[in-house]
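K.L.:
Sharing a structure here in structure tokens format.
The values are calculated or read from the model by the stated rules, or taken from the named source; none is laboratory data. Since the model is a prediction, treat every value here as computed from it, not as a measurement. In this analysis, Cβ positions are derived from the backbone assuming ideal geometry, glycine residues included, and neighbour counts consider all displayed protein chains.
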């Protein structure tokens with residue numbers, strides 16, 4: 001390969017190592033591992049807590065627990081989206 005392509009591949013490898021060092025190390029060792037965007041440990045934990053709060057709220061007939069469970073379930077659902085960082089923030093339309 002010509003030198004410019006080698007440099008470009010080196011830049012890609014260094015960027016990958018900066019963004020997700022565990023994935024890059026596993027890739028170099030030949031042991032595949034999911035990239036950071038597709039690891040959902042926190043989302044599953046939050047979803048479990050949300051469903052427990054929702055069940056407790058339904059069992060105790062407590063509106064605040066039901067609402068909290070629903071809100072946390074929505075947040076957990078957002079965490080399951082692997083491309084949530086690429087979308088950026090939404091700005092409300094400026095109207096006059």
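K.L.:
Mind listing whichever residues of the stretch 40-64 are farther than 17 Å from residue 79 by Cβ, touching a helix residue (DSSP H, G or I) at 6+ places or on another chain (Cβ under 8 Å) and not in a helix (DSSP H, G or I)?
P.N.:
The one that is farther than 17 Å from residue 79 by Cβ, touching a helix residue (DSSP H, G or I) at 6+ places or on another chain (Cβ under 8 Å) and not in a helix (DSSP H, G or I): 62.
K.L.:
While we're on this one: In the stretch 64-80, is there at least one residue being under 27 Å from residue 17 (Cβ atoms), modelled with pLDDT of 70 or more and not assigned by TED's automatic domain parsing to the domain that holds residue 15? Please lay out each step first, then the result.
P.N.:
Pass one, the stretch 64-80, residues under 27 Å from residue 17 (Cβ atoms): 79-80.
Restricting the remaining residues to those that are modelled with pLDDT of 70 or more gives 79-80.
From what is left, the residues that are not assigned by TED's automatic domain parsing to the domain that holds residue 15 are 79-80.
Yes: one or more hits.
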